[in-house]
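The values are calculated or read from the model by the stated rules, or taken from the named source; none is laboratory data. None of these values were measured; they are calculated from a predicted model. Methodologically, a virtual Cβ is constructed for each residue, glycine included, from the backbone with ideal geometry; neighbour enumeration extends over all protein chains shown. Heavy atoms of the whole protein, side chains included, go into the accessibility calculation; ligands, DNA and RNA do not. Shrake-Rupley method; radii C 1.70, N 1.55, O 1.52, S 1.80 Å.
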Amino acid sequence: MDQATGRRTRQSGAGGQRGARRRAPAARANGNAETRVAAPAAEAPAEVAYVVEEVEVVLEQVGESTSFAEAAAPEATGYSHEQSQLEAGATLPAVENAPTAPSVDDLLGADVFDEAGYLRLNPDVRRAVEQGQIESGYAHYFWHGKAEGRALPDTPREARNTMLLSPSDSGRMDVFPKEAHCSLEALIVTPRAGLMLIGWIDDSSHALTCIRVIGPDWRVVIDASHMVRVRRADVEKALGSHRQHAFGFICFVHFDRGGETSGPVQVELWQAGGFSTAQQVAPMQVEDVELRDTMLAQLASASYFGNATIEGLQSLSRGLGETLVRFNLAITRRIVAAPYVERFGPQQRARRGSIVVCLYGKPEYFFLQHCLYAGLPGIDDYEFVYVSNSPEMAEALLREAKRAVYLYGIAITLVILPGNAGFGAANNIAAMEARTDRIMIVNPDVFPRDQDWARKHTELLDSAPQDRTRLFGVPLYYDDGSLMHGGMYFEFDVGLSLAGGLPMPARMCRTEHYGKGAPSTFLKYNQSRPVPAVTGAFISVERDWYQQLGGFTEDFVFGHYEDADLCLKSLARGTAPWMHDIRLWHLEGKGSTRRPHHEGGSTVNRWLFSTRWSGMLESGLLGPEPTHPLLQLNDAETPAPRTVRRGR
């Protein structure tokens, strides 16, 4: 503010007003345009916000309540005469007939604007940007280029990653001559569900910006947020390339309409600068489950420059991860909507708890658990509820259930699902069929080490304070006798991502088990105590509390991290998980089938868990000695470490 004249002045240099304005967030650049522009409007660039603030200076000086549409805009490719005076420190004279801001009815949003292509077609604008006379090509287009009818590079202007329906062939264009070295290796479509595209392109000089797929009466434009760029050693060899460049791409979009086709569709690869290449591709139509599994398998086997885990997680963070979660959740909800339920054995007796077991791929564990659990002290106080994610095992399971009742007289409820709903959703459905107030989530490869484990469990519920039994786990042992699980805690893995060309730190959550691998004589982690989390291989939880927490979160794909997620939900609501000394065997990983797409699901789950819980973990929940107040015992409650000593 000029104290002598009362007028505002603009100063050049990074420390002056101009520098500050360039760094200000752009919140008002497009006025009300966000609801009218066809493509989803991204946050306006800082250079446009900077121009808007200059307009506000004009308005303040004029002293009128003028709308943004009546404000002054720069007048030329570079700065106007008045702006040049401002650079020299002069004050801005009053403006009576200022030009209006451009109409935004058909203005391109910053998210679809091709900056490199605009500068290539308008060299005078490029020179002005290089000389610092204007912030960017988009700022020029916003204020001048649209009105002047400046040349725009060809680029898809539709909303990104959204299925658009149109009259037959209205979105189709003539096939362009092939301009880039590329190959489209697979286009997989599930009508009214999703689409996946696999291929490669040599875009080392002009980056691939988006891909448009045009069907007979639909089209979809896929941008980098739904595209995984992967290393292709075969392409590097074929091109004789030694540069560190990810030529491959894997794309995925989810939609609930469109996608039908009976013949080839047109696929256009768009590169920065307005370059494009088009090919005709015959799509393969599959069911949604196969589409999901294929995408997850590709994600699991993808190769990257740098750490594959880090790069895989980073590729999900731009938008693809959320899309895969929504797609899988739609499949899950369809599967759990139609379960088949049959009950076997005595059902009238009131019981203390329900042992809920999720089966997948290995029916033999159904029979084996009955053999090893039946007849043990206290087991009659519990019912068994099995849920199968493998419909092909239905006949064998129904037959074995009848045999188990005949041989052991146990109460069994069998839930058959028409597909793999995943660990969380399947257990939730089974818990709904349970007829007791206590849910015990047990893996099919968990067996009694303490023969009186069921009686100990009942006695614990009768004697321990409620807050210590509301949700708890137990020590689990490998078949060689070493400790597998004594509770879980959380750590952060920090690595470097090379996806952007420069090493950038990336962080992801990891779960660890207390005492994993310790000999059976080391009993430190068998003590009753609060812990950050317990494994889903065995969780005992009040049914009411389980329901209040929403059960297992069904957003996770197949399995992994649902147990830690449930425990953190409990902590967030004021109840810590506990460990109590009831010992069981766990043949970890033996009770179900593991395939490549499950590995891809685990990658998605780790990304999802890290995204949702990293903030809470930083609040005293990291490391083997967390400081969270719910996990602290006073001196009187702290048990002394125990070790079983054997004589020689």
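Ranking 547, 576, 620 by Cα position along the charge dipole of segment 534-638, where only Lys, Arg, Asp and Glu carry charges on their C-beta atoms, puts 547 farthest toward the positive end. Note on segment 286-412: the C-alpha convex hull projects to 11.2 nm² when averaged across all orientations. Taking 28 Å as the straight-line reach from the Cα of residue 402, the lysines in range (excluding those fewer than 8 positions away in the same chain) are 362, 590. Count the net charge of all other residues whose Cβ sits under 10 Å from the Cβ of residue 584, scoring Lys and Arg as +1 and Asp and Glu as -1. Value of the local net charge: +1.
Could you work out the percent of alpha carbon pairs in segment 382-439 separated by over 15 Å, rounded to a whole number? Beyond 15 Å sits 50 percent of the P(r) for segment 382-439.
Just going by the charge dipole of segment 220-319, with Lys and Arg at +1 and Asp and Glu at -1 on Cβ, which of 254, 305, 269 is farthest out on the positive end? Looking along the dipole axis, the top candidate is 305.
Treating r as the C-beta distance of residue 590 and residue 106 and R0 as 60 Å, the FRET efficiency rounds to 0.45. Would you work out what percent of the accessible area of segment 142-282, with all protein chains in place, is carbon or sulfur (probe 1.4 Å)? Answer for segment 142-282 is 49 percent, counting heavy atoms of protein chains only. For segment 359-366, 3J(HN,Hα) computed residue by residue from phi via the Karplus equation (6.51, -1.76, 1.60; θ = phi - 60°) reads 9, 8, x, 9, x, 5, 6, 4 Hz, glycine and proline entered as x. Protection proxy ranking for 437-447, 459-469, using the average of other Cβ atoms within 10 Å per residue and placing the highest first: 437-447, 459-469.
Take segment 353-511, drop everything but the C-alpha atoms, weight them equally and run the Debye formula without solvent; then report log10 I(q)/I(0) at 0.09, 0.16, 0.20 Å⁻¹ to two decimals. Listed by q, the Debye log ratios stand at -0.39, -0.99, -1.37.
Taking Cα centroids, how far is segment 176-214 from segment 257-298 in Å? Spelled out, the Cα-based centre of one part sits 7 Å from the other. For segment 427-456 versus segment 115-150, the inter-centroid distance based on Cα atoms is 67 Å. Rolling a 1.4 Å probe over the protein heavy atoms gives segment 305-355 an accessible area of 46 Å² per residue.
Accessible surface area normalised per residue over segment 466-552 is 37 Å², counting heavy atoms of protein chains with a 1.4 Å rolling probe.
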